[in-house]
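Working notes, structure below.
The values are calculated or read from the model by the stated rules, or taken from the named source; none is laboratory data. No experiment lies behind these values; they were computed from the predicted model shown. Here the Cβ positions follow ideal geometry from the backbone for every residue, glycine too, while neighbour counts run over all protein chains shown.
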Amino acid sequence: MNRREFIAVLGGTAAAWPLAARAQQAIPAVPLVYDATPSEATPFVAAFQRGLAEVGFVEGQNVAVEYHGAGSHYERLPALVAEFVNRPTAAIVGNTPVALAARKATSTIPIVFLTGADPVKLGLVASFNRPGGNATCC
């Protein structure tokens with residue numbers, strides 16, 4: 001994972017949050033959803049936390065990160081994502097399976113995802129240069 005790209009995407013997502021959402025919610029909620037066990041997700045979670053810190057986000061002060069793991073139970077991802085679609089959420093962060101579930105659940109909440117696959121072929125973005133929609137990868 002290219003850390004600079006991750007930081008740029010996260011910073012861009014923060015800038016894209018609607019002003020109304022910022023006014024209504026003192027601390028933006030950002031769920032980090034992963035399809036692994038907590039121990040398997042440790043490197044991803046640590047990179048995410050470093051990325052937040054590098055762009056000025058401090059958990060509990062100016063961002064509320066919620067960690068949710070589905071283990072290897074991919075069938076649980078749609079329900080996990082739906083939970084955030086039905087309440088104020090600044091962005092949904094995860095990997096490819098999470099992004100696919102989030103893309104089906106919402107077209108308005110920003111989705112930031114990490115993938116080793118081609119997100120264009122997966123239908124997550126229209127192109128690398130102009131992703132379109134509400135999903136972006138790093």
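Of the numbered criteria (1) among the β-branched types (Val, Ile, Thr); (2) modelled with pLDDT under 50; (3) over 12 Å from the mean Cα position of the chain (by Cα), the one residue 9 fails is (3).
Of all residues in region 101-123 being of a type in the set (A, V, I, L, M, F, W, C) and more than 23 Å from residue 52 (Cα to Cα), which is surrounded by the fewest Cβ atoms within 10 Å (Cβ to Cβ)? Per the criteria, the residue is 117.
Residues of region 98-125 that are in contact with a strand residue (DSSP E or B) (Cβ under 7 Å, 6 or more places away or on another chain), at pLDDT 90 or above and of a type in the set (A, V, I, L, M, F, W, C): 98, 99, 102, 109, 111, 112, 113, 124, 125.
Of all the criteria given as (1) closer than 19 Å to residue 28 by Cβ; (2) under 14 Å from the mean Cα position of the chain (by Cα); (3) buried (at least 18 other Cβ atoms within 10 Å of the Cβ), the one not satisfied by residue 57 is (2).
Which is touching a residue at least 60 places away in the same chain (Cβ under 8 Å) and assigned to a helix (DSSP H, G or I), of 112, 120, 93, 98? The match here is 98.
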